[in-house]
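J.: Structure provided below as structure tokens; questions to follow.
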Amino acid sequence: MAIAFIRKAFIILTAAVLFGANTVEARAQENIPDGVDNSKLIYFPPLISQIGGSCAQASYIGYMFTYEMNRLLNRNASESKDNQFSYLYTWNFINGGIDEGSLGTEGLQIAFEGGIATEADFPSQYSSYQFKWTSGYESYLKAIHYRVTKIRTFEVNDRAGIDEVRHYLWNRGEPGKPGGIVTFSSRSSGWTINTHYTGPSVTGYKALLTKLAPDGAHAMTIVGYDDLVEFTAPDGTLTKGAFIVCNTWGDDYYMHDRGRFYLPYYFWEQSDRSANELSHDMVGTDVEYREPKVVFRVKLDYTSRNDLSFRIGVSNKASDQLPVHDYLVPIANYQGGDYPMQGNNASSELEFAFDFSSYVDHIHDSEEPKFFLTVSRNKRGKQLGSGKMLAFSVYDYREDASSPKIYVCEDIAGKEIQSGNNIFSIETVAAKTTSYSKVNWLNSSGQPAAAPFVLRTADGKYVKIRFSDYNRQDGTIKMKYVYAPDGSLKFE
């Protein structure tokens, strides 16, 4: 048995790969607009006023993922909460159940492997400091549709890097199409911003950052650029051009203009600047809308979610006791703190949907696949929780998305979740049965009878079986031979 513990890796593309190494110089010479502001497009959501230390998820998921998904599907982000994606959904899986920061790429990893819930299903302003997890098969099933496929990285140390990002913001390297947006990190405590900028611009904002901050890590989103913006460097040199930064502090923060400000190119062109003040790495992403093929539905009741981790798997035969292919679920992996499943002071009962669609090729390999769910319980926090399984089933949407085949794990309800690995399985092919006559197979001395037994199977066929070498201590016995009357089945 070969069990694989796999977390899929991102496909990471640098700017040179994105545009093609041979086209970088040509694109730098190409005429592009003096200014682009993608936050004015219908794909961009309403401004976010972030909760706690969730800036990375607010920027990467709330802004960038939402924008790119609506750009892909040509939807208006402001029309519906179904067109906006919940940054709290990812943050609460990552933050350990406390108000602390996170890496934006951790949220993209969740989107890559399991999708992102919408604001309609999991509002980001709802019970935030309960550090809640969403519950309900339908909510997770909807999330499974919305996925990250690639992460784009840009190194911005000079004018060439700035130009690559400008082109990405303009059209993502796809002529005639709307551009993308990118995220970056910077210090933000103690920066200097001129809120009465009156110099040249195409996009018309009045807030211009004039000095980088010395403290406070923060993630933000670049939604466009303006090549006409002027900034006087500390040595008196007049420079031109700035990125448009959209922050996650709402639309009324006094140092911004409608939640936005200009960040001059100058600060990325300084070779002697501190990397701690302003990141030279920027991140973009590709997304897709994906129909699920096979989904695990899991419901349980547990008091300390930090203890639990989940794996989903499949084997080739109904008689298998362990999975042949086994995969770690990207969420609820010893995460969330010492809280009940739904969060602080919330319910200990929760229902997940885990996507198995990426591994369906392993199902095709078998005529009678058997699905496995492994729930691992280990103390990871201050207390060891307790709980029980409530339900486990598998939904197969491959033949009919509107009416899936449903396979149900019997007799699981109420089973206590023990320490270590708790393995549950579902057979997709019903066990075959046989009919037989009542016979005594042991003789008077307690040994198997020498004569063979003739059995009739449920489909009307006949087989002969003879037993030998019965071990009364461990209950084992050997079948001497089994054959069908026509000789088509024979085992020596």
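Here is a yes/no grid of residues against (1) closer than 28 Å to residue 347 by Cα; (2) surrounded by 19 or more Cβ atoms within 10 Å (Cβ to Cβ); (3) without any contact (Cβ under 8 Å) to a residue 12 or more places away in the chain:
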site: 63; (1), (2), (3): no, yes, no
site: 69; (1), (2), (3): no, yes, no
site: 84; (1), (2), (3): yes, yes, no
site: 87; (1), (2), (3): yes, yes, no
site: 99; (1), (2), (3): yes, no, no
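J.: Another question about this same structure. Give 89, 67 a once-over and let me know the one that is among the aromatic types (Phe, Trp, Tyr), closer than 20 Å to residue 181 by Cα, touching a strand residue (DSSP E or B) at 6+ places or on another chain (Cβ under 9 Å) and not in a loop (DSSP other than H, G, I, E, B).
T.: Values: 89 fails: closer than 20 Å to residue 181 by Cα.
Result of the check over 89, 67: 67.
J.: Can you tell which of 54, 124 is over 21 Å from residue 151 (Cβ atoms) and in contact with a Leu (Cβ under 8 Å, 6 or more places away or on another chain)?
T.: Working: 54 fails: over 21 Å from residue 151 (Cβ atoms).
Selected residue: 124, the only one of 54, 124 that is over 21 Å from residue 151 (Cβ atoms) and in contact with a Leu (Cβ under 8 Å, 6 or more places away or on another chain).
J.: Among the residues of the range 200-210, are any in a loop (DSSP other than H, G, I, E, B), among the polar types (S, T, N, Q), open to solvent by 30 Å² or more (accessible area, probe 1.4 Å) and at pLDDT 95 or above? Don't jump to the end; show me each part of the working.
T.: Taking the range 200-210 as the starting set, the residues that turn out to be in a loop (DSSP other than H, G, I, E, B) are 200-207.
With the extra rule that they be among the polar types (S, T, N, Q), the set shrinks to 201, 203.
Among the residues that remain, those that are also open to solvent by 30 Å² or more (accessible area, probe 1.4 Å) are: 201, 203.
Remaining after also requiring at pLDDT 95 or above: 201, 203.
Yes, some residue in the range 200-210 is in a loop (DSSP other than H, G, I, E, B), among the polar types (S, T, N, Q), open to solvent by 30 Å² or more (accessible area, probe 1.4 Å) and at pLDDT 95 or above.
J.: Check whether at least one residue in the range 232-240 is open to solvent by less than 10 Å² (accessible area, probe 1.4 Å), more than 25 Å from residue 66 (Cβ to Cβ) and assigned to a loop (DSSP other than H, G, I, E, B), and report yes or no. Walk me through how you get there before you give the answer.
T.: Applying the first criterion (open to solvent by less than 10 Å² (accessible area, probe 1.4 Å)) to the range 232-240 yields 233.
Now restrict to residues that are more than 25 Å from residue 66 (Cβ to Cβ): 233.
Checking which are assigned to a loop (DSSP other than H, G, I, E, B) leaves us with 233.
Checked against the condition, which is being open to solvent by less than 10 Å² (accessible area, probe 1.4 Å), more than 25 Å from residue 66 (Cβ to Cβ) and assigned to a loop (DSSP other than H, G, I, E, B), the range 232-240 yields at least one hit.
J.: Which residue out of 344, 333 is closer than 20 Å to residue 314 by Cβ and open to solvent by less than 50 Å² (accessible area, probe 1.4 Å)?
T.: On the way: 344 fails: closer than 20 Å to residue 314 by Cβ.
Testing whether each residue is closer than 20 Å to residue 314 by Cβ and open to solvent by less than 50 Å² (accessible area, probe 1.4 Å) leaves just 333.
J.: Then there's this: Buried (at least 19 other Cβ atoms within 10 Å of the Cβ), touching a strand residue (DSSP E or B) at 6+ places or on another chain (Cβ under 9 Å) and either over 28 Å from residue 105 (Cβ atoms) or not basic (Lys, Arg) (or both): does that describe residue 250? Reasoning before the result, please.
T.: Values: buried (at least 19 other Cβ atoms within 10 Å of the Cβ): no; touching a strand residue (DSSP E or B) at 6+ places or on another chain (Cβ under 9 Å): yes; either over 28 Å from residue 105 (Cβ atoms) or not basic (Lys, Arg) (or both): yes.
In short, no.
J.: I've got another one for you. If you take the residues of the range 101-153 that are aliphatic (A, V, I, L, M) and under 14 Å from residue 66 (Cα atoms), which of them is surrounded by the most Cβ atoms within 10 Å (Cβ to Cβ)? Reasoning before the result, please.
T.: Of all residues in the range 101-153, those aliphatic (A, V, I, L, M) come to 103, 108, 110-111, 116-117, 120, 141, 143-144, 148, 151.
Still in the running and under 14 Å from residue 66 (Cα atoms): 108, 111, 116-117, 120, 143, 148.
Details: 108: 25, 111: 26, 116: 29, 117: 26, 120: 15, 143: 25, 148: 27.
Among residues in the range 101-153 that are aliphatic (A, V, I, L, M) and under 14 Å from residue 66 (Cα atoms), the one surrounded by the most Cβ atoms within 10 Å (Cβ to Cβ) is 116.
J.: Among the residues of the range 126-154, which ones are modelled with pLDDT under 95 and more than 23 Å from residue 353 (Cα to Cα)?
T.: Within the range 126-154, 129 is the sole residue that qualifies.
J.: Name the residues in the range 293-323 that are touching a strand residue (DSSP E or B) at 6+ places or on another chain (Cβ under 9 Å), open to solvent by 10 Å² or more (accessible area, probe 1.4 Å) and not in a loop (DSSP other than H, G, I, E, B), would you? Full working, then the answer.
T.: Restricting attention to the range 293-323, the residues satisfying the condition of being touching a strand residue (DSSP E or B) at 6+ places or on another chain (Cβ under 9 Å) are 293-305, 307-323.
Now narrow it down to the ones that are open to solvent by 10 Å² or more (accessible area, probe 1.4 Å): 293, 297, 299, 301, 303, 311, 316-322.
Within the range 293-323, 297, 299, 301, 311 meet the criteria.
J.: Of the conditions (1) in contact with a His (Cβ under 7 Å, 6 or more places away or on another chain); (2) without any contact (Cβ under 8 Å) to a residue 12 or more places away in the chain, residue 175 clears all except one; give me its number.
T.: For residue 175, the failing item is (1).
J.: Pick from the range 176-199 the residues that are part of a loop (DSSP other than H, G, I, E, B) and among the polar types (S, T, N, Q): which of them is least open to solvent (accessible area, probe 1.4 Å)?
T.: To start, the set of residues in the range 176-199 that are part of a loop (DSSP other than H, G, I, E, B) comprises 176-181, 190-191, 195-199.
With the extra rule that they be among the polar types (S, T, N, Q), the set shrinks to 195, 198.
Details: 195: 48, 198: 121 Å².
The residue in question is 195.
J.: Looking at (1) closer than 17 Å to residue 199 by Cβ; (2) under 29 Å from the mean Cα position of the chain (by Cα), find the lone condition where residue 236 falls short.
T.: For residue 236, the exception is condition (2).
J.: Can you go through 350, 373, 390 and tell me which one is at pLDDT 95 or above, open to solvent by 10 Å² or more (accessible area, probe 1.4 Å), over 21 Å from residue 146 (Cα atoms) and in a strand (DSSP E or B)?
T.: On the way: 350 fails: open to solvent by 10 Å² or more (accessible area, probe 1.4 Å); 373 fails: open to solvent by 10 Å² or more (accessible area, probe 1.4 Å).
Matching residue, one of 350, 373, 390: 390.
The values are calculated or read from the model by the stated rules, or taken from the named source; none is laboratory data. As the structure is a computational prediction, the values presented were derived from the model and not from experiment. So basically every Cβ, Gly included, is an ideal-geometry build from the backbone, and we count neighbours across all protein chains shown. To get the accessible areas, we keep the full protein, side chains included, count just its heavy atoms, and leave off ligands, DNA and RNA. Shrake-Rupley method; radii C 1.70, N 1.55, O 1.52, S 1.80 Å.
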